[in-house]
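Here is the structure we will look at.
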Amino acid sequence: MCEDEVSAWMVERIPQDWFSGPPQVDCDGDEILVIGPLDGDRARPGESATARIDRFRGATREQRMRIAQAAERRFGRKVSWGASAGGERRLFTTLSVPVMTRLRLPERQLLDTLVGAGVARSRSDALAWCVRLVAKHEADWISELREALVRVGELRRKGPA
């Protein structure tokens, strides 16, 4: 979910020939993430999706940096990029933002179990693993929840000042 202003601003500045369709623009209070689909027609013969994404990354780096710097000044957030091709999605440099949480003993023990079992290297990694697991298994519910939050935001804007 990203504010309309941020999304429109980014889409306006991205060259039309970069992506085969509209880029996905996601954001939160810390980061703006732009991921665009790459056209398979521009792939070189025998070129893998990974190579296609790498080539795009190298060819557009300077221009992506200029767009990102302008967006960072305007919106006060870091900008990250990614691309998708041939069913593969790769993110370039992205933020990893620390979050503070308070956990009781049973929750900490669960994280420690994941660390002890080698599922994660640290409590932080274990918590991130749990978040990804919830996102994977509850994707439909989370999408509905996000849509409801958008609707709540719209109603708040229409309400009394």
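Bear in mind these aren't lab numbers, they're just calculated from the coordinates by the rules spelled out. Model, not experiment: these values are computed from the prediction. Because the Cβ atoms are built from the backbone with ideal geometry, glycine has one as well, and the counts that use them run over all protein chains shown.
Would you please state which residues of region 107-150 a label at E31 would reach in this model, taking the label point 7 Å out along Cα→Cβ and a backbone N cut-off of under 15 Å? Backbone N within reach: 125, 128-129, 131-132.
Dividing the summed -39500 (n - 2.57) terms of all DSSP H runs of n ≥ 4 by the residue count of the chain sets its mean residue ellipticity at 222 nm at -17500 deg cm²/dmol. Spatial offset of region 56-134 relative to region 1-22 amounts to 21 Å, using the alpha carbon center of each.
Going by alpha carbons, how many degrees (0 to 90, nearest 10) lie between the helix axis of 105-116 and the longest principal axis of the chain? Approximately 60 degrees, to the nearest 10. Quick one: angle between helix 49-75 and the longest Cα principal axis of the chain, in degrees between 0 and 90, rounded to 10, please. Approximately 80 degrees, to the nearest ten.
About its Cα centre, the chain has a charge dipole of approximately 460 debye under the convention of +1 per Lys or Arg Cβ and -1 per Asp or Glu Cβ, with nothing else charged.
With the convex hull drawn around the C-alpha atoms of the chain, the volume per residue stands at 175 Å³. Against the main long axis of the alpha-carbon atoms of the chain, helix 4-13 sits at an angle near 30°. Between the residues P15, I142, G58, the greatest Cα displacement towards the positive end of the dipole of the chain, with unit charges on the Cβ of Lys, Arg, Asp and Glu, is found for G58. Here M100, M65 are placed in order of increasing Cβ neighbour count within 10 Å, fewest first, which gives M100, M65.
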